[in-house]
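The values are calculated or read from the model by the stated rules, or taken from the named source; none is laboratory data. What you are looking at is a predicted structure, and each value in this text was computed from that prediction instead of being measured. Quick reminder, even Gly has a Cβ in these numbers, built from the backbone with ideal geometry, and neighbours come from all protein chains shown. The accessibility values were calculated without ligands, DNA or RNA, using every heavy atom of the protein model including side chains. Shrake-Rupley method; radii C 1.70, N 1.55, O 1.52, S 1.80 Å.
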Amino acid sequence: MSVSVIIKWGGQEYSISSLSEEDTVMDLKQSIKSLTGVLPERQKLLGLKIKGKPAEDEVKLGSLKLKPNTKIMMMGTREESLEDVLAPPPDNDDVVNDFDIEEEVIEVENREENLAKIARRVKDYKVEELNPPREGKRLLVLDVDYTLFDHKSCAETGQELMRPFLHEFLTSAYENYDIVIWCCTYCSCVSPYVQELGVTDNPSYKITFMLDSGAMITVHTPKRGVVEIRPFMKAHLNREKDRELSKLAQYLKEIAKLEDFSGLNHKHWERYLSKRQQH
């Protein structure tokens, strides 16, 4: 039986229908390479999993139980052409002093190619607003996986995978921030878990909207505005000692007092919190 998928990459969609269930993930990657120029080893296929784990290259497509025209988000970049890299510089009789050139530095958010990506997302991606944003509130975007709950550990209910202090954290954060939930797959995959946890209809806080991989763009930039916390994994073993959300709630409350976040180094958020608590 044939397998048909649609690869989403670089703001475009690429249809592949020449594969069979006996072909492997590597065969799929080779087909993607022929369409996009991205080498298999540079490709990351989001949501392509088997038994909860990313599918290895040797896995047959038939075992993935893909529905016809399944859309798969790919992350990856083309390799630069060796000819372009190794080509000698053009002959030029003019000697240019590097110190005489003032290089124009364009911030990543202002680069033409990234602005074009954003424009396509704004045009094509539909945001389903759950609750209207509030005037004067900053935006807090939370990654679902391993931040709010452990989506891979074995459990009979979503409640067993919920991170300790989740509702207390969201209640505290909602005082100063509008909350958005983001997942790297698709909202339809995560929504049942979020609903089971009572996140979307909690009387103490509201979720503004949810985002998934369809809203993503790929840029190469230093991390900005990202607070990294310890991942919540192996919920059945770590539930009793995990206090990460409780500490993060305190940090967000502290920095909410600031007019400008640009001077913060979120990498050292725990150090910042400790110093503030000592005053």
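Worth a mention:
Condition check ((1) among the small types (G, A, S); (2) in a strand (DSSP E or B); (3) touching a residue at least 40 places away in the same chain (Cβ under 8 Å)) across all residues:
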{"residue": "K123", "(1), (2), (3)": "no, no, no"}
{"residue": "N131", "(1), (2), (3)": "no, no, yes"}
{"residue": "R134", "(1), (2), (3)": "no, no, yes"}
{"residue": "L140", "(1), (2), (3)": "no, yes, yes"}
{"residue": "T147", "(1), (2), (3)": "no, no, yes"}
{"residue": "H151", "(1), (2), (3)": "no, no, yes"}
{"residue": "E160", "(1), (2), (3)": "no, no, yes"}
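- Condition met for I6 (touching a Leu at 6+ places or on another chain (Cβ under 9 Å) and outside the structural domain of C184 (by the TED database)): no
- Some residue of region 32-47 being more than 27 Å from R120 (Cβ to Cβ) and open to solvent by less than 50 Å² (accessible area, probe 1.4 Å): no
- Breaking point among (1) more than 18 Å from D57 (Cα to Cα); (2) within 21 Å of the chain's Cα centre (by Cα), for Q43: (1)
- Condition met for E21 (open to solvent by 40 Å² or more (accessible area, probe 1.4 Å), within 27 Å of D145 (Cα to Cα), charged (D, E, K, R) and at pLDDT 90 or above): no
- Count of region 1-42 residues which are more than 18 Å from G76 (Cα to Cα) and not β-branched (V, I, T): 10
- When restricted to residues that are farther than 13 Å from T185 by Cβ and surrounded by fewer than 17 Cβ atoms within 10 Å (Cβ to Cβ), region 48-60 contains 7.
- Selection count, region 66-88, where residues are in a loop (DSSP other than H, G, I, E, B) and either in contact with a strand residue (DSSP E or B) (Cβ under 8 Å, 6 or more places away or on another chain) or at pLDDT 90 or above (or both): 5
- Whenever a residue of region 19-42 is in the same structural domain as L61 (by the TED database), its partners that are aromatic (F, W, Y), lying with C-beta atoms within less than 6 angstrom and at least six residues away or across chains, give the pairs L35/Y14; T36/W9.
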